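Enquirer: Take a look at this one; I'll ask things after.
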Amino acid sequence: MAPIIASPDAFAQSTEYAEVLNRLTHTIPELRQAGYVVQSLSYLDLERKKRCDNCNTRCTRDTTQPLSKANSIPSPGTKYSDRQLQPQPRKDSEKEKTPAEETLRCKFHPGKYVKKKWTCCGNPGSAKPCGGATEHKARIYGPRELEGRWQFHQTPGLSTQPERCAAVAIDCEMGTAFDGESELIRLSMVDYFSGAILIDKLVFPSVKIQHYNTRWSGVTALQMDKAYRRGQCIMGMGAARREVLEFVGPGTIVVGHGAQNDFSSLRWIHHRVIDSYLIENAIAKKEAQAEADELAAKLATATGPESSTSAESIKAPPAQQKAGMSLKALIKRRCGRDIQTKGKNGHDSLEDAVAARDLVHFHVMALLEDAVTM
Ligand SMILES: [Zn+2]
Ligand SMILES: [Zn+2]
């Protein structure tokens, strides 16, 4: 991939700047709420990662949920999706079901897939399952397989290692593993203050890969193959996390945009995070509420207190309705810069890490100048 230079301008590391940056870090409940993993997975969490040998859905039976319509045989023409195979709460109208309709929790083709057809029913690969079983059958996992693949690791506490960065910005690209899980394939990290590139490497997947999601990740199988043969890859997500921890200590602030998936792909728990998406989302919510309040006030003045239109009924629209919460839209709006312009080549995690950093810098400066109240 073509190396790009991180923003040429380094940010001045003043006490005031550091204070504002510190203020922008999220609390652990905020991070959890946004989908970050904030503590090691329990034995049960790991068990829930198991997939069915027959139908490949997550197969830990949730005994609190009754069997439902979603688990019965779909009628012809029903669109078959993974979601439909998840246990769903039963509605009252679905109580009267014959046992036959409720017996198949696991649906699959019992035959083999040969020459683009299922031997059981002769249908093409995308056809909905023609058979099933009452229960899922968990794949056989090796003694440490679940732990090795899924366990999260917290940034180690104080060590004798040399000093780490005060702040970094990170972004990852992910492919799809053989079983449909997301798998880390590229890691980029820059020093927040100097803008220096700390890591920008392809990560050779720890498991077999189904596809590299090239359209989004920008990573091709050929690139991976080349980098592997030249010894330029980081070998697996564990090694990737260890490389990150060469630069990141418990006090380091890690910046990213919607970075919960990046942390997950590294199986990494870190408690000092600034997520530019969360900052922007909070601002968008405030702005939407302010607009709604203003509109309500206008209505109240125009129609008088006896009006049937209740000013209190005007609610702020959800922040997401405010278009353009993507990194691309935000960096254009805040910094006037175009990113992700390479069309079919997808994202560039280095470019995105730099963009998240610049977005946070914008908000720090705005707070310093008191231009934005948060
Ligand atoms: Zn079949
Ligand atoms: Zn199954």
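Enquirer: Using a 7 Å offset from the Cα along the Cα-to-Cβ direction at both Thr27 and Lys137, what is the distance between the two label points in nm, to one decimal?
Expert: Each label point lies 7 Å from its Cα, and together they span 4.9 nm.
Enquirer: Turning to a different aspect of this structure: Given the pairs Lys208/Lys328; Lys49/Lys112; Lys49/Lys208; Lys112/Lys137; Lys49/Lys201, which span a C-alpha to C-alpha distance of over 20 angstrom in this model?
Expert: Going by Cα-Cα distance, Lys208/Lys328; Lys49/Lys112; Lys49/Lys201 fall outside the 20 Å limit.
Enquirer: Please give the peptides 231-237, 268-274 ranked by average Cβ packing (other Cβ atoms within 10 Å per residue), highest first, as a rough proxy for protection.
Expert: In descending order of packing, they fall as 268-274, 231-237.
Enquirer: So for region 196-249, what are the equivalent ellipsoid semi-axes in whole Å, largest first, each being the square root of 5 times an eigenvalue of the Cα gyration tensor?
Expert: Over the Cα atoms of region 196-249, the semi-axes work out to 21, 12, 12 Å.
Enquirer: What's the ranking of 150-157, 240-247, 38-45 by average number of surrounding C-beta atoms within 10 Å, highest first?
Expert: Those peptides, ordered most packed to least, come out 240-247, 150-157, 38-45.
Enquirer: Between Tyr228 and Glu147, what is the label-to-label distance in nm when each label sits 7 Å out along the Cα-to-Cβ direction?
Expert: With each label placed 7 Å out from Cα toward Cβ, I get 2.8 nm.
Enquirer: Enter the accessible area per residue of region 16-58 (Å², integer; probe 1.4 Å; all protein chains in place).
Expert: Per-residue accessible area for region 16-58 comes out at 59 Å².
Enquirer: Suppose we keep just the DSSP beta bridges with both residues in region 155-264; what percent of those would be antiparallel, to 5?
Expert: The antiparallel proportion sits near 75 percent.
Enquirer: Shifting gears a bit: Round to a whole number: what % of the accessible area of region 150-220 belongs to carbon and sulfur, probe 1.4 Å?
Expert: Roughly 54 percent of what the probe reaches on region 150-220 is carbon or sulfur.
Enquirer: Right, here's the next one. If you count, for each residue, the other Cβ atoms within 10 Å and average over each peptide, how do 110-117, 291-298 line up from highest to lowest?
Expert: Order by mean packing, descending: 291-298, 110-117.
Enquirer: Next question. How much area per residue is accessible in region 226-289 when the probe is 1.4 Å and only protein heavy atoms are counted (Å²)?
Expert: 38
Enquirer: Between Asn213 and residues 5 or more places away or on another chain, which pairs have amide H atoms under 5 Å apart, with H built 1.01 Å from N, and which residues are they?
Expert: Sorted by chain and number, the residues that satisfy this are Thr176.
Enquirer: If we count every other residue with Cβ under 9 angstrom of Val255's Cβ, Lys/Arg +1 and Asp/Glu -1, where does the sum land?
Expert: That sum, taken over residues with Cβ under 9 Å, equals 0.
Enquirer: If you average the C-alpha positions of region 241-261 and of region 7-49 separately, how far apart do those two centres end up, in angstrom?
Expert: Centre-to-centre (Cα) distance: 8 Å.
Enquirer: At Arg337 and Ala196, where each label point lies 7 Å from the Cα along Cα→Cβ, what is the point-to-point distance in nanometres?
Expert: 1.9
Enquirer: Quick one: compute the contact order of region 104-257, relative version, from alpha carbon pairs under 8 angstrom and 6+ residues apart, as a percent.
Expert: After rounding, I find 21 percent.
The values are calculated or read from the model by the stated rules, or taken from the named source; none is laboratory data. A quick note: this is a predicted structure, and the numbers were derived from the prediction, not measured. No Cβ is skipped: glycine too gets one built from the backbone with ideal geometry, and neighbour counts run over all protein chains shown. Surface areas here come from the heavy atoms of the whole protein model, side chains and all, with no ligands, DNA or RNA. Shrake-Rupley method; radii C 1.70, N 1.55, O 1.52, S 1.80 Å.
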